[in-house]
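Notes for the one structure printed next.
The values are calculated or read from the model by the stated rules, or taken from the named source; none is laboratory data. Keep in mind the model is a prediction, meaning the values are calculated, not measured. Here the Cβ positions follow ideal geometry from the backbone for every residue, glycine too, while neighbour counts run over all protein chains shown.
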Amino acid sequence: MSAAAPARRFLVCDGNEAAALAVALARVDMVAVYPITPQSSLVEYLAKYIADGRLQAELVNAEGEHSVLSVLQGAALAGARTFTATSGPGLAFMFEPYLRTPGMRLPIVMSIVTRDTLTPQSVWGGHQDAMSVRDVGWVQMYCETVQEVLDTVIIAYRVAERHDVMLPVNVCHDGNYLSYGTARIEPPDQNVVDTFLGTPDVNWHVALDPERPMAVDPLTGGAGGAGPAMFVRYRRGQCAGMRDALDAIREAHEEWGRLTGRHHAPLIERYRMDDAEFSIVTLGSMTGAAKDAIDEARERGRRVGLVKVKTFRPFPAAAIAEALRGHGAFGVVDRSVDFAWNCGPLYREVLTSLHGITPAAPSQSFIGGLAGADLTVEHFESVIDTVGQLQNAGARDTVWLNAQD
Amino acid sequence: MRKTEAAKVMGMERADYLIAGAGHAALAAMHAIRLVDAGGSLTVVGRDRQLPYSPTVLPYVVSGRSDPKRVFLRDEAYFACARTAYRRGHAIVRIELASRIAELDDGSRIEFGKLLLSSGARPVIPPVTGLQAVPYHVLRTLDDALRLRAELPRTRHAIVLGAGLIGMHAAENLSKGGARVTIIEVQGQILPGYFDADAAAIIARAFEHDGRVTIQTGTRAVSAEAGAQGGVVLHLQDGPPVSGDLLLIGAGVAPAIDFLAGSQIRCDRGILVDASMRTSVEGVWAAGDVAQAASFYEARPVLNGILPDAVEQGRIAGMDMAGDAALQGYRGAVPLNTYSYFGRHAVSVGSGCAPPGAEIVVRGDADAERYLKVIFDQGRLHGIFAINTPLDAGVMWQLVRRRTDLTSLRARFLAQPREVGRALMSRLWR
Amino acid sequence: MPAYNTIAFHADRCDMCGACMTACAQAKSASDSPRRARIEVLADGAGSFGLAMCRQCADPECVQCCPAAALRKDAETGIVEWDHDRCVNCLLCTVACSYAGISLDEAVGHVVKCDHCGGDPACVRACKTGALEYLTTARIYNEVGALEDLFVPGLAGCQGCNTELLMRHTLRRVGPNTVLAAPPGCVPGMGAVGYNGMTGTKVPVFHPLLTNTAPMLAGIKRFYKRKGREVTALALAGDGGAADVGFQSLSGAAERGEEMLFLVIDNEGYMNTGMQRSSCTPYGAWTTTTPVGRESPGKSQDAKNLPLLMVGHRCAYVATASAAFMTDFYAKLDHALEASRHGFAYLHVYSPCTTGWRFPSRQNIEVARKAVESNFVMLWEYSPEAGLRLTHPIDDPAPVKEYLEAVGKYRHLTPGQIAHIEHHIADNVAAIKRQATAPL
């Protein structure tokens, strides 16, 4: 009797359900929830899993996102694996404890189901919420597909809990497109996830346990005594954790690929870049349409490639420089705005990554998909056309893709 | 090497604090030391082989009121808890002040840091010719009391030499036991020094009313000889001889200071001490019956064989020895006496010697055997003497010591000394 | 050395009715004659009253002076016990005692003295004016004195501050199996959490944000409970964070019945950051953000009654306490701790601030006492089962002016403002009393 390969299981779900599935598979200890569009169904799934006993976790229905994250901070300080999700205004309300989480080195994982920020009033997708907190110290990864949402949430725990990282992780997936868009996914077996994550690695350097009493976060800094140097030591330690996260993310994706056969690009994905003469850079779910546009342009003979950024924090500057160097002009498509520079934030970061590389490549910032606006293949065709015609480096006005839609 | 260790090496016991005696003054001192210095080594040397007890309780052991097994003031556990070596049945016989070594009657030697002499008093045996040849009793130790108690059932006629508290208590007990008792007192009244003549007369009447007690005051025994059937005959200065089958000598006590003969420690009738109970030799204190300390009333130091005073002196000595910063110096001896007889109660606080210009007020009701005598000196309480008149002796003691001006309260005080005393207490030191 | 219960006498409450003496005589001598009592209340001749009774001295002179070993101080009860069988009636104890605490009862022919009736003194029971009080504060010392002080020595509070007292007592009682949250304020300000890597306590301690003390503790508590470990979650918070910016999260945790003991030290404002107004600052009070000037007479709104709001949450336990009434505080601490095992326990402690309220540092406890005795604040406790109950009712309150005059932040008050405060107190008393009598 020959051993039959186990039948592969698939299911069709949206990104919010995929994230919830991942949380259950990660055997999270505590979930704190508060409704906010477009993440609400994600925590509803979790509440149902817990109610059904499918996930053995503590569910805290907090009275707001501020407390949601505060509850998780407490639980993480006691050694728990924790999860929550939020969007737009919820993230803004959460900001005070959010700002503090990386400094406390708490390996909390939180999905940002991205949403454009107020005001103008809007309940639709866009990266503005996540981009507004990009410099606080959380690791941030953006997903392209429903499957990647599921896989990345699991990968996030492995990254966050690695001892040389010990930082909170945001898994960003686009509101509307990924939150509600359904696709066929293949969920991993529980034992695969268990193997992958192992036992939660508690950061005993930051723990509140009467059996090993310590003061967590006593006052430091100031201008005298041990304060200034100690404050610098904490800050530099945090920076080292961020730096090490790049390697941790790579390692985790490799291991996940080995276990599941799904090899997501950990930092950036190069798509048809080998012989590209110019390229576009994308972030998140727009990448699917962009790849279709690239394929069509290639069929038309345009030697164009694509670089998808998955890991936005820490910023994979070296990988991006390596990917774009020698490939001519590039355009960056953002779903959010950098108000200070009147361009997309990813665009600015990509430019910064290329600092010092000569000759400077011509480049263009595109902003599209704000507040739920569609980014279609046609939009990317226009992007490709525009980038293909760029002649020399230098400042250009941002192109607003949905200005006429 | 520290001194204590050196002494150990040399095989000699060493005590940071050495206390001679185990009476009230000694125990109060020990307590005071331990309140401040929990660690210093402390040795108490007591003459008696028994646990500490009070001579004051002995008449009640004789009468049977007190169970001799239950009179002890402290037990071994107390000394153990206080980390105190209690050497029972020993006395210090010699002190080498230069080397600070005390020698005990068994030849052992204790090197001391500080020494308290509180070895008490012993009975005075009056110079009566032939007394040493006849059997007599004294009452200073528990053994004395047990011996005397054993004699009571077969005593028909007892002679009590001395009408002090010991003699009067014994006389009452003997008479209650059915014996006839003759009390012989050299002074003109019973209880001299304790109560004034008027009060003494009221007390004496209670004894005479009993019918079995004869009191002969103002006479002295000059010689003694053996009488019939092991009895004693006492010849008096005036009057016919008295014969009895038991003789108890209660002629007072004197400080037990023989062992200091020839030492540099200055003595008069007792060991002279200052307001901190320090003797003339540094590092040596004295307290209790053995000490002669300042009087509250007179310039010259006095012996004040009063139990509460012994406690106070002992405490002062202990505090000073241990360096207790809260120490307040001795304010002078005030005579204090309480005396219960045939169900009546007498109290005296203060001096009965009225100074010139003092006002003496006596209130009495002979039938009810009530008596109150108050001496005011410049409006202040100098002494108060009461029989069957309720008052708080401790409060009166404070009024005397504080020299509280009672001028405006005089009439009310005389009418209700207890109530006025308590009101003043509430106002002045509560 | 243990501490003992005692009978306290408040002369100012005594009307010399004599009920105590009669009750004592009846209890101890089967007599109605006050002369047979072991307690005597007397006019001291200076317009007040005194008390003659045994004080159960710590180092009793009567015991040392008893020749018959008939008196001894009981190490457990603290009572100076008199043994009839050993007593020889010598009365030397009456000489030794300067306080008329032991005296001869001629009717029985021996000395008698108070023995606290075995812990339920008849005199105290008979006293209708509250002049006699059986103080059981000793329990605090005995039960808690042996417990470890879990804060480091030398917390740097302001001179005369009562908060250190409250903190140390609380943590002692709550014990080492605790996670302590000290949100920004005076508690961490004096070093409770620590500085520069050094801890301020012997229990795990942390700074939450001013805004998220309750939910952080909730996360900790819930996770330990899930792991099967019973750990006490304790907050030592201030009124500003709790009543203002942290109120939402406090309310949320209370509504969810998160199991913790949330203790608010109410010093009526942001005293740690320099005496700014909070919603707990009373009407009329000067603060640095409600300054007194030509156009402003201090705070123009009444204080938020935070503990009553917590009652509105039907917490497992809510109580108010005062730094001046530690026995009351301790009883409530016990109840709160117990309640925190199954729900949200909220303890609100009124805590005058010498620095921010402008009064001499030695008067802190006195000011706290005056606040209670004038009904400016009220001491009560609540549970859903038992309802609200006044634990220290003040039926005959002292004029609030006496309290206001003791505190510098009210120095500027006009008669109109004082009238407003009096009116507010009357309203508050009525509201609390309504609650206290309301059916559950």
For this session: Sort out which residues of segment B:181-214 are closer than 15 Å to B:H157 by Cα and aliphatic (A, V, I, L, M), and write them in order of number.
Result: B:V181, B:I183, B:I184, B:V213
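Going residue by residue through segment C:229-241, is there one that turns out to be assigned to a helix (DSSP H, G or I), more than 14 Å from chain A (Cβ to nearest Cβ), touching a Cys at 6+ places or on another chain (Cβ under 9 Å) and surrounded by 23 or more Cβ atoms within 10 Å (Cβ to Cβ)? So that I can check it myself, show each step before the final result.
As a first pass, look at segment C:229-241 and keep what is assigned to a helix (DSSP H, G or I): C:239-241.
Adding the requirement that they be more than 14 Å from chain A (Cβ to nearest Cβ) leaves C:239-240.
In the following step, the residues that additionally are touching a Cys at 6+ places or on another chain (Cβ under 9 Å) were identified as C:239-240.
So of that shortlist, the ones also surrounded by 23 or more Cβ atoms within 10 Å (Cβ to Cβ) come out as C:239-240.
Checked segment C:229-241: at least one residue is assigned to a helix (DSSP H, G or I), more than 14 Å from chain A (Cβ to nearest Cβ), touching a Cys at 6+ places or on another chain (Cβ under 9 Å) and surrounded by 23 or more Cβ atoms within 10 Å (Cβ to Cβ).
For segment A:193-204, state whether one or more residues are over 30 Å from C:V231 (Cβ atoms) and touching a residue at least 12 places away in the same chain (Cβ under 8 Å). Walk me through how you get there before you give the answer.
Pass one, segment A:193-204, residues over 30 Å from C:V231 (Cβ atoms): A:195-196.
If we keep only those that are touching a residue at least 12 places away in the same chain (Cβ under 8 Å) too, we end up with A:195-196.
Checked against the condition, which is being over 30 Å from C:V231 (Cβ atoms) and touching a residue at least 12 places away in the same chain (Cβ under 8 Å), segment A:193-204 yields at least one hit.
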Problem set entry | Selection from segment A:76-121 of residues that are touching a residue at least 60 places away in the same chain (Cβ under 8 Å) and among the hydroxyl-bearing types (S, T, Y) | A:S87, A:T101, A:S111, A:T114
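Are there strands (runs of 3 or more DSSP E) fully within segment B:24-119 with at least 2 residues that are assigned by TED's automatic domain parsing to the domain that holds B:D289 and either surrounded by fewer than 17 Cβ atoms within 10 Å (Cβ to Cβ) or among the charged types (D, E, K, R) (or both)? List them.
On the way: elements: B:42-46, B:84-88, B:92-96, B:101-104, B:109-117.
Here the list reads B:84-88, B:92-96, B:109-117.
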For this session: Sort out which residues of segment A:321-351 are more than 24 Å from A:T119 (Cβ to Cβ) and free of Cβ contacts under 8 Å to residues at least 24 places away in the same chain, and write them in order of number.
Result: A:E322, A:G326, A:L351
For this session: Residues that are modelled with pLDDT of 95 or more, under 23 Å from the mean Cα position of the chain (by Cα) and of a type in the set (G, A, S): find the strands (runs of 3 or more DSSP E) completely inside segment A:274-367 holding 1 or more of those.
Result: A:278-283, A:304-309, A:330-334, A:363-367
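With the condition being within 14 Å of another protein chain (Cβ to nearest Cβ), I'd like the strands (runs of 3 or more DSSP E) fully within segment A:1-64 carrying at least 1 qualifying residues.
Details: elements: A:11-14, A:30-33, A:58-61.
Where strands (runs of 3 or more DSSP E) fall fully within segment A:1-64 and carry at least 1 residues being within 14 Å of another protein chain (Cβ to nearest Cβ), they are A:30-33, A:58-61.
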Exercise. Of all the residues that make up segment C:62-89, how many are touching a residue at least 24 places away in the same chain (Cβ under 8 Å) and within 7 Å of chain B (Cβ to nearest Cβ)?
Worked result: 3
Seminar exercise, completed: B:I316 vs (1) of a type in the set (A, V, I, L, M, F, W, C); (2) over 20 Å from C:C93 (Cα atoms); (3) modelled with pLDDT of 95 or more: all pass except (2)
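Would you call A:D405 in a loop (DSSP other than H, G, I, E, B), outside the structural domain of A:E277 (by TED's automatic domain parsing) and more than 30 Å from A:G241 (Cα to Cα)? I'd like the intermediate steps shown before the answer.
Details: in a loop (DSSP other than H, G, I, E, B): yes; outside the structural domain of A:E277 (by TED's automatic domain parsing): yes; more than 30 Å from A:G241 (Cα to Cα): yes.
So A:D405 passes the test.
So, restricting to strands (runs of 3 or more DSSP E) that lie completely within segment B:334-405, which ones have at least 2 residues that are at the interface with chain C (Cβ under 10 Å from one of its Cβ atoms)?
Values: elements: B:336-341, B:344-350, B:359-365, B:370-377, B:380-387.
In segment B:334-405, the matching strands (runs of 3 or more DSSP E) lie at B:336-341, B:344-350.
Listed residues A:T152, A:T182, A:T199; which is within 23 Å of A:T84 (Cα to Cα) and either modelled with pLDDT under 95 or within 11 Å of chain C (Cβ to nearest Cβ) (or both)? Walk me through it before giving the result.
Details: A:T152 fails: either modelled with pLDDT under 95 or within 11 Å of chain C (Cβ to nearest Cβ) (or both); A:T182 fails: either modelled with pLDDT under 95 or within 11 Å of chain C (Cβ to nearest Cβ) (or both).
Criteria check complete, one pass: A:T199.
What helices (runs of 4 or more DSSP H) completely inside segment C:109-228 contain at least 2 residues that are away from every other protein chain (no Cβ under 13 Å) and touching a helix residue (DSSP H, G or I) at 6+ places or on another chain (Cβ under 9 Å)? Reasoning before the result, please.
Working: elements: C:122-126, C:163-174, C:186-189, C:213-226.
By residue number, C:122-126, C:163-174.
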Problem set entry | Those residues of segment A:151-162 which are within 11 Å of A:H264 (Cβ to Cβ) and either in contact with a strand residue (DSSP E or B) (Cβ under 6 Å, 6 or more places away or on another chain) or outside the structural domain of A:L25 (by TED's automatic domain parsing) (or both), in sequence order | A:T152
For this session: Would you confirm whether any residue within segment C:340-360 is farther than 24 Å from C:G284 by Cα and part of a helix (DSSP H, G or I)?
Result: no
Problem set entry | Unique residue being within 14 Å of chain C (Cβ to nearest Cβ), within 23 Å of the chain's Cα centre (by Cα) and either at pLDDT 95 or above or not in a helix (DSSP H, G or I) (or both) when the list is A:G237, A:G221 | A:G237
Seminar exercise, completed: Checked against (1) out of contact with any Pro (no Cβ under 9 Å at 6 or more places or on another chain); (2) assigned to a loop (DSSP other than H, G, I, E, B), B:Y194 satisfies every condition except (1)
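Checking the condition within 19 Å of C:E259 (Cα to Cα) and crowded, with 18+ Cβ neighbours inside 10 Å, which residue from C:G343, C:G356 passes?
Values: C:G356 fails: within 19 Å of C:E259 (Cα to Cα).
Just a single option satisfies the conditions, and that option is C:G343.
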For this session: For residues that are part of a loop (DSSP other than H, G, I, E, B) and buried (at least 23 other Cβ atoms within 10 Å of the Cβ), tally how many sit in segment C:380-397.
Result: 0
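Based on this model, can you work out whether C:E106 counts as on the phi < 0 side of the Ramachandran plot, surrounded by fewer than 20 Cβ atoms within 10 Å (Cβ to Cβ) and more than 14 Å from chain B (Cβ to nearest Cβ)? Spell out the reasoning first.
Numbers: on the phi < 0 side of the Ramachandran plot: yes; surrounded by fewer than 20 Cβ atoms within 10 Å (Cβ to Cβ): yes; more than 14 Å from chain B (Cβ to nearest Cβ): no.
For C:E106, the condition - on the phi < 0 side of the Ramachandran plot, surrounded by fewer than 20 Cβ atoms within 10 Å (Cβ to Cβ) and more than 14 Å from chain B (Cβ to nearest Cβ) - is not met.
With respect to C:A254, determine if the residue is in the same structural domain as C:V205 (by TED's automatic domain parsing), of a type in the set (A, V, I, L, M) and closer than 16 Å to C:L210 by Cβ.
On the way: in the same structural domain as C:V205 (by TED's automatic domain parsing): yes; of a type in the set (A, V, I, L, M): yes; closer than 16 Å to C:L210 by Cβ: no.
When the stated conditions are applied, C:A254 does not pass them.
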Seminar exercise, completed: Over segment B:211-259, the set of residues within 25 Å of the chain's Cα centre (by Cα), within 27 Å of B:F342 (Cβ to Cβ) and not in a strand (DSSP E or B) is B:G218, B:T219, B:R220, B:G250, B:A251, B:G252
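Residues are listed down the side, and each one gets a yes or a no for (1) of a type in the set (A, V, I, L, M); (2) not assigned by TED's automatic domain parsing to the domain that holds C:A11:
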{"position": "C:T129", "(1), (2)": "no, no"}
{"position": "C:L132", "(1), (2)": "yes, no"}
{"position": "C:N162", "(1), (2)": "no, yes"}
{"position": "C:L166", "(1), (2)": "yes, yes"}
{"position": "C:R172", "(1), (2)": "no, yes"}
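Here are C:V367, C:V400: which of them is surrounded by 17 or more Cβ atoms within 10 Å (Cβ to Cβ) and more than 21 Å from C:S300 (Cα to Cα)? Don't jump to the end; show me each part of the working.
On the way: C:V400 fails: more than 21 Å from C:S300 (Cα to Cα).
Only one candidate passes the filter, namely C:V367.
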Exercise. If only one of B:Y78, B:Y86 is within 14 Å of another protein chain (Cβ to nearest Cβ) and among the hydroxyl-bearing types (S, T, Y), which one is it?
Worked result: B:Y78
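Out of all the residues in segment A:91-126, which are of a type in the set (V, I, T) and assigned to a loop (DSSP other than H, G, I, E, B)?
Restricting attention to segment A:91-126, the residues satisfying the condition of being of a type in the set (V, I, T) are A:101, A:108-109, A:112-114, A:117, A:119, A:123.
Within segment A:91-126, A:T101, A:I108, A:T117, A:T119, A:V123 qualify.
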Exercise. Considering B:I166, B:I203, which residue is among the aliphatic types (A, V, I, L, M), in a helix (DSSP H, G or I) and within 21 Å of B:G305 (Cα to Cα)?
Worked result: B:I166
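Kindly evaluate A:I384 against the criterion of being part of a loop (DSSP other than H, G, I, E, B) and more than 17 Å from A:E269 (Cβ to Cβ). Steps first, answer last, please.
Values: part of a loop (DSSP other than H, G, I, E, B): no; more than 17 Å from A:E269 (Cβ to Cβ): yes.
Answer is no for this residue.
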